[in-house]
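See below for the structure under consideration.
The values are calculated or read from the model by the stated rules, or taken from the named source; none is laboratory data. The shown structure was predicted, so the numbers you read here are calculated from the model rather than taken from an experiment. Positions of Cβ are backbone-derived with ideal geometry, glycine not excepted, and every protein chain shown enters the neighbour counts. Keep in mind that these areas ignore ligands, DNA and RNA; they rest on the heavy atoms of the full protein, side chains included. Shrake-Rupley method; radii C 1.70, N 1.55, O 1.52, S 1.80 Å.
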Amino acid sequence: MKLNWKKLALASVSALAALSTVAGTVTQVTAQEGETLIVSAAGVYDYVSAHIAEFEEEYGVTVEVLDADMFEMLDGIALDGPAGTGADVYISPYDRIGSLGMTGQLAPVTLIDEAGYDETDIQQVSANGQVFGAPAVIETLVMFYNTDLLDAAPTTFEELEAIAQDEAYAFENEEGKNVGFLAKWTDFYMSYGLIAGYGGYVFGSDGTDYTDVGLNTPEAVEGIEYAVNWFQNTWPQGMQDVTASGDFVIQSFINGDTAAIISGPWDAAAFEDAGIPYGVAKIPTLPNGEEYTPFGGGKGWVISNYSEKKDLAQLFIDWVSTEEQQTNLYNELNEIPANHASRDAAIATNNELTTAVIEVYANAEPMPNIPQMSEVWVGAENLMFDAASGNKTAQESADAAVELITQTIEQKY
């Protein structure tokens with residue numbers, strides 16, 4: 001929906017005020033005329049810069065847009081904020097928002113159209129019952145397939161297994177191995193959708209209970225065992241290489257040796273540059289009949305808790321979160337909007353990649369955004385490799401990963 005602002009003349013100061021209705025309540029925020037707001041907008045810099053004059057004219061303020069590295073800016077909040085050299089508004093990956101909010105680096109924000117988001121969207125930007133960001137864009141894994149090799153997108157993993165039996169995709173350097181379907185499952189981010197689809201989980205209580213790590217449950221182990229079957233009986237040994245297997249997957253698809261892969265929308269540009277005839281689809285249904293359940297990612301707008309212009313920062317977030325601006329963002333950058341009305345508009349463009357991301361995201365899990373999640377990436381780094389290589393059984397590998405994660409969390413927190 002479009003937000004209608006009412007400008008109010010204040011007798012005592014030269015200022016502008018805005019009233020917005022949120023979930024049945026009225027919130028008043030003010031912007032001092034002539035103020036300058038600093039916005040760190042890496043990744044969406046061009047879009048914000050192209051439209052920011054509308055915001056500046058509306059409120060009589062100036063916005064300085066920074067195209068600085070997103071992670072460097074976020075890492076610097078704790079020092080730059082108190083020193084007065086940081087930005088007022090940042091764009092942040094969802095998985096950083098909760099931890100930054102819980103450690104006092106971010107100020108709570110108000111969503112102008114909370115009904116325009118679903119539970120997953122809200123969870124992505126929330127921690128300890130508070131909302132610390134406004135959802136901006138979404139992303140998740142999808143399936144790419146070569147349209148010269150496949151007439152239609154596979155819809156089940158049984159179909160992928162059949163492709164992997166086709167001699168047309170035999171790997172010439174290793175007898176009995178096949179590259180018809182590939183996925184970098186040594187990467188925990190890539191394989192989590194498989195583990196979660198079988199019933200495993202990172203933390204209990206919707207990702208908030210770090211004392212309950214669910215990566216070694218019987219269900220999780222079943223998912224790991226399914227992956228091990230691919231590693232040991234179908235894929236070349238190089239697919240176990242934690243470092244190089246990702247490049248192998250992409251290059252094999254570009255070379256036309258592989259019919260289908262699981263990857264992220266960020267790889268689409270490389271396929272287009274290489275002239276590969278590809279389609280994009282939802283990730284096929286798992287052998288147990290459940291959906292592949294990857295992490296749902298993306299970015300949101302946040303306010304530095306050190307900012308002295310929180311009111312103006314909130315106005316900016318209100319403006320950039322409207323349906324109009326979210327739709328502009330998609331049209332100009334192909335970033336898939338978090339706002340559901342804008343998502344519907346994006347689907348209407350009949351873009352396969354857009355549709356596939358939205359369909360997979362509907363089954364995705366919000367990545368736990370509590371500080372303890374950082375220990376999971378380290379602890380689960382060898383989870384799949386140890387099982388795939390035969391160094392450990394699936395259960396032993398899962399138990400070792402969970403023990404490492406649990407112990408590290410206990411030591412650090």
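Counting only residues that are small (Gly, Ala, Ser) and within 18 Å of Gly176 (Cα to Cα), which one in segment 208-251 is nearest to the chain's Cα centre (by Cα)?
So the residue we want is Ala227.
Could you tell me whether Gly256 is surrounded by fewer than 20 Cβ atoms within 10 Å (Cβ to Cβ) and in a helix (DSSP H, G or I)?
no
Please go through (1) within 15 Å of Trp301 (Cα to Cα); (2) in contact (Cβ under 8 Å) with a residue 60 or more places away in the chain for Tyr145 and return the number of the only condition it doesn't satisfy.
Evaluating Tyr145 over (1) within 15 Å of Trp301 (Cα to Cα); (2) in contact (Cβ under 8 Å) with a residue 60 or more places away in the chain leaves (1) as the failure.
State all residues of segment 161-190 that are part of a strand (DSSP E or B) and in contact (Cβ under 8 Å) with a residue 12 or more places away in the chain; if no residue qualifies, say none.
Across segment 161-190, the qualifying residues are Asn178, Phe181, Leu182, Ala183.
Being among the hydroxyl-bearing types (Ser, Thr, Tyr) and within 16 Å of the chain's Cα centre (by Cα) is the filter; apply it to segment 179-207 and report the residue that is surrounded by the fewest Cβ atoms within 10 Å (Cβ to Cβ).
Tyr189
Of the residues Glu352, Glu332, Glu403, Glu375, which is in the same structural domain as Ala53 (by the TED database) and more than 30 Å from Glu54 (Cα to Cα)?
Glu352
For segment 63-87, give me each residue that is more than 24 Å from the chain's Cα centre (by Cα) and open to solvent by less than 20 Å² (accessible area, probe 1.4 Å).
Val63, Gly81, Gly86
Which count do you get for residues in segment 191-212 that are assigned to a helix (DSSP H, G or I), in contact (Cβ under 8 Å) with a residue 60 or more places away in the chain and not aromatic (Phe, Trp, Tyr)?
7
Checking the conditions here, which among Ala136, Ala153 is assigned to a strand (DSSP E or B) and closer than 25 Å to Gly193 by Cα?
Ala136
Go through (1) within 15 Å of Val221 (Cβ to Cβ); (2) surrounded by fewer than 18 Cβ atoms within 10 Å (Cβ to Cβ); (3) among the polar types (S, T, N, Q) one by one and return the number of the condition Gln407 breaks.
Among (1) within 15 Å of Val221 (Cβ to Cβ); (2) surrounded by fewer than 18 Cβ atoms within 10 Å (Cβ to Cβ); (3) among the polar types (S, T, N, Q), the lone unmet condition for Gln407 is (1).
Only one residue in Gly275, Gly264 is within 19 Å of Ile347 (Cα to Cα), surrounded by fewer than 22 Cβ atoms within 10 Å (Cβ to Cβ) and among the small types (Gly, Ala, Ser), so which one is that?
The conditions single out Gly264.
Which number in (1) of a type in the set (D, E, K, R); (2) at pLDDT below 95; (3) closer than 30 Å to Glu119 by Cα marks the one condition that Glu35 misses?
(3)
Sort through Gly104, Gly60 and tell me the only one that's surrounded by fewer than 21 Cβ atoms within 10 Å (Cβ to Cβ), on the phi > 0 side of the Ramachandran plot, in contact with a Ser or Thr (Cβ under 9 Å, 6 or more places away or on another chain) and not polar (S, T, N, Q).
Just a single option satisfies the conditions, and that option is Gly60.
I'd like to check something: does segment 306-324 contain any residue that is out of contact with any Cys (no Cβ under 7 Å at 6 or more places or on another chain) and closer than 30 Å to Asp241 by Cβ?
No.
With within 30 Å of Gly289 (Cα to Cα) and surrounded by 20 or more Cβ atoms within 10 Å (Cβ to Cβ) as the only criterion, which of Ala380, Ala362 stands out?
After ruling out the rest, the residue left standing is Ala380.
Has segment 306-324 got any residue that is more than 30 Å from Val402 (Cβ to Cβ), under 16 Å from the mean Cα position of the chain (by Cα) and buried (at least 21 other Cβ atoms within 10 Å of the Cβ)?
no
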